[in-house]
Amino acid sequence: MLLVALTGGIASGKSTVARRLQEHGAVIVDADQVARQVVEPGEPALARIAEEFGPGVIAADGSLDRAALGAIVFNDPEGRQKLNAITHPAVLARSRELFAAAAEADPDAIVVYDIPLLVEAGRVDEFDLRVVVHAATETRVGRMVELRGMTREEALHRINSQATDTDRFAIADVVIDADGTLEQTLEQTDALWENLRARVRGSA
Ligand SMILES: CC(C)(COP(=O)(O)OP(=O)(O)OC[C@H]1O[C@@H](n2cnc3c(N)ncnc32)[C@H](O)[C@@H]1O)[C@@H](O)C(=O)NCCC(=O)NCCS
Ligand SMILES: Nc1ncnc2c1ncn2[C@@H]1O[C@H](COP(=O)(O)OP(=O)(O)OP(=O)(O)O)[C@@H](O)[C@H]1O
C-alpha cells in the first residue's frame with residue numbers, strides 16, 4: 001500500500017483532487033466523513049462533547065447540532081482545542097482501521113487520506129507522501145460565499161481556525177496549485193497520479 005495524505009485549507013479543492021484520484025483507482029479515506037461517524041449518537045466522543053459544551057450542542061433527536069457547535073468552536077480557540085482533543089484521537093483510530101482494511105483488500109492499493117487538519121493533528125510522518133492543495137485566501141473565501149452560502153465573516157473565521165499556508169508548505173512533498181481553472185487542477189492531479197503509480201511500481 002502507498003499511503004498518501006492530501007491536505008489543504010478549507011475550500012482549497014482537496015475533495016475535487018480526491019475525486020479525480022478515485023476515478024483513476026485510488027481508495028479515498030475522507031477524514032471529514034470519519035469525523036461525522038465518530039460523533040454519531042451512542043459514540044463516546046458525542047457524550048464527551050455534550051459534557052464539555054453543554055446540552056445546547058445536542059439536537060432534539062440526540063444527534064450533534066453541528067451548526068451550534070460550529071458557532072462556538074470557529075470563534076473560540078480554546079473551545080476548538082477542547083473539541084479537537086476529543087475528536088482527533090477518535091478520527092485517527094478509525095482512519096487507521098480503514099487504511100488497514102484497504103491494505104488487506106489490495107496490498108498494492110494507493111490510499112489517499114483527504115484530511116483538512118493534517119498539520120493541526122500532528123500526524124505528518126505516518127504517510128509515504130504529503131500532498132498540499134493550495135488556493136489563495138480570497139479564492140477560498142469566494143468559493144465558500146458563492147458555493148456554500150457562508151458569509152464572508154464565517155468563511156474567514158473558518159480559515160483563521162486552521163494552520164497557515166506557511167505551515168502546510170513546510171510539510172509538503174508535492175503542491176497542487178488549485179487557484180487557476182478546474183482543468184488546470186485536474187491536469188496536475190493526473191500528473192500526481194502518474195507519480196503515485198510510478199512509486200508503487202518502483203517498490204514492487
Ligand atoms: C465543528 C463541526 C461540528 C462543524 O460542522 P460542519 O458540518 O459545519 O462542518 P464540517 O464538519 O463539514 O467541516 C467542514 C470543514 O471545516 C473545517 N473544520 C472542521 N473542524 C475543524 C476544526 N476543529 N478546526 C478547524 N477547521 C475545522 C475543515 O476544513 C472541514 O473540511 C465539525 O466540523 C466537527 O465536529 N469538527 C471536529 C472534528 C474535526 O476535527 N474534523 C475535521 C477533520 S479531522
Ligand atoms: N481550480 C480549481 N480547483 C479546485 N476546485 C475548484 C477550482 N475552481 C473552482 N473550484 C471549485 O471549488 C470548490 C472546492 O471545493 P472542494 O470540496 O474540492 O474543497 P475542499 O478543500 O475539499 O473543501 P473542504 O475543506 O471544505 O472539504 C469546488 O466546488 C470546485 O468545483
Residues with beta-carbon under 15 Å from that of residue 50, excluding residue 50: net charge, scoring Lys, Arg +1 and Asp, Glu -1? -3
Can you compute 3J(HN,Hα) from phi for each residue in region 37-51, using the Karplus curve 6.51 cos²θ - 1.76 cosθ + 1.60 with θ = phi - 60°, rounded to whole Hz and x for Gly and Pro? 5, 6, 10, 5, x, x, 7, x, 5, 5, 4, 5, 5, 4, 4
Place +1 on the Cβ of every Lys and Arg and -1 on the Cβ of every Asp and Glu in region 1-118, take the dipole about the Cα centre, and give the residue among 86, 42, 6 whose Cα lies farthest towards its positive end. 6
What share of the DSSP beta bridges in region 2-199 is antiparallel, in percent to the nearest 5? 5 percent
What FRET efficiency comes out for residue 63 versus residue 136 if R0 is 30 angstrom and r is the Cβ-Cβ distance? Round to the nearest 0.05. 0.25
Of 134, 149, 175, which is farthest towards the positive pole of region 72-197's charge dipole, taken about the Cα centre with +1 and -1 on the beta-carbons of Lys, Arg and Asp, Glu respectively? 149
For region 153-164, 3J(HN,Hα) per residue [Karplus equation, 6.51 cos²θ - 1.76 cosθ + 1.60, θ = phi - 60°, Hz, x = Gly/Pro]: 5, 4, 4, 5, 4, 5, 4, 6, 7, 10, 4, 8
Under 10 °C and 1.306 mPa s, how fast does region 1-67 diffuse according to Stokes-Einstein, given a Kirkwood radius computed over C-alpha pairs? Answer in µm²/s, whole number. 112 µm²/s
In whole Å, what three semi-axes, largest first, describe the equivalent ellipsoid of region 77-121 built from its Cα gyration tensor (square root of 5 times each eigenvalue)? 27, 11, 5
If you project the alpha carbons of the chain onto their three principal axes, what span does each projection cover, largest first, in Å? 53, 39, 28
How long is region 111-204 along each principal axis, judged by its Cα atoms, biggest number first, in Å? 49, 32, 20
The long-range amide H neighbours of residue 175, using H built 1.01 Å from N in the peptide plane and a cut-off of under 5 Å, are 132
Taking the Cα centre of region 2-199 as origin and charging only Cβ (+1 Lys, Arg; -1 Asp, Glu), how large is the dipole, in debye to the nearest 20? 220 debye
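Just so you know, all these numbers are worked out from the coordinates, no wet-lab data involved. Here the structure is a predicted model, which means the values were calculated and not measured. Note: ideal-geometry Cβ built from the backbone for every residue, glycine included; neighbour counts use all protein chains shown.
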